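To keep things clear, I will list the structure first and then write my remarks on it.
The values are calculated or read from the model by the stated rules, or taken from the named source; none is laboratory data. All values derive from a computational prediction rather than experimental measurement. Cβ: placed from backbone, ideal geometry, glycine included. Neighbour counts: every protein chain shown.
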Amino acid sequence: MGLGIKKEDTVLVLTGKDKGKKGRVIRLIPKKDRLVIEGINVTKKHMKPNKQYSQGGIIDREGPIHISNVMIICPHCEKPVRLSNRLLEGGKKERKCSKCSEGIK
């Protein structure tokens, strides 16, 4: 997966019908370089009644977006940024903001 985005990160959508919206990453699909963001790219799905949806009907659900169409938001400076890696003592890597140089969990 390219940009180092992880589950629970906050991202900004750069293109498409939801351009400019922020959301939290719910799920990653690394084989297709896509991710699902909470409240973004919402589509309607027709469901038959089953155990989870006893009523059935039309359900709103989030669809995947290509990873190149989003940018991570730094929790410290609250801006969309590119990420870089920093090598810590002990050989561990840490993601860091390219603007404020703070570590991102």
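Things worth noting here:
- Restricting region 1-29 to residues that are surrounded by fewer than 13 Cβ atoms within 10 Å (Cβ to Cβ), more than 12 Å from the chain's Cα centre (by Cα) and touching a residue at least 12 places away in the same chain (Cβ under 8 Å), the residue that is farthest from His76 (Cα to Cα): Lys17
- Whichever residue in region 32-56 is in a loop (DSSP other than H, G, I, E, B) and basic (Lys, Arg) and, among such residues, is surrounded by the most Cβ atoms within 10 Å (Cβ to Cβ): Lys48
- The residue list Lys19, Lys6 contains one member that is touching a strand residue (DSSP E or B) at 6+ places or on another chain (Cβ under 9 Å), at pLDDT below 95, assigned to a loop (DSSP other than H, G, I, E, B) and not hydrophobic (A, V, I, L, M, F, W, C), which is Lys6.
- Selection within region 73-83 - touching a residue at least 12 places away in the same chain (Cβ under 8 Å) and within 17 Å of the chain's Cα centre (by Cα): Ile73, Cys74, Pro75, Lys79, Pro80, Val81, Arg82, Leu83
- Checked against (1) hydroxyl-bearing (Ser, Thr, Tyr); (2) surrounded by 11 or more Cβ atoms within 10 Å (Cβ to Cβ); (3) at pLDDT 95 or above; (4) assigned to a strand (DSSP E or B), Ser84 passes all but condition (3).
- With respect to the conditions (1) within 16 Å of Glu8 (Cα to Cα); (2) surrounded by 13 or more Cβ atoms within 10 Å (Cβ to Cβ); (3) modelled with pLDDT under 95, Glu78 falls short on a single one, namely (2).
- The lone exception for Ile59 - which of (1) among the β-branched types (Val, Ile, Thr); (2) assigned to a strand (DSSP E or B); (3) within 21 Å of the chain's Cα centre (by Cα) it fails: (3)
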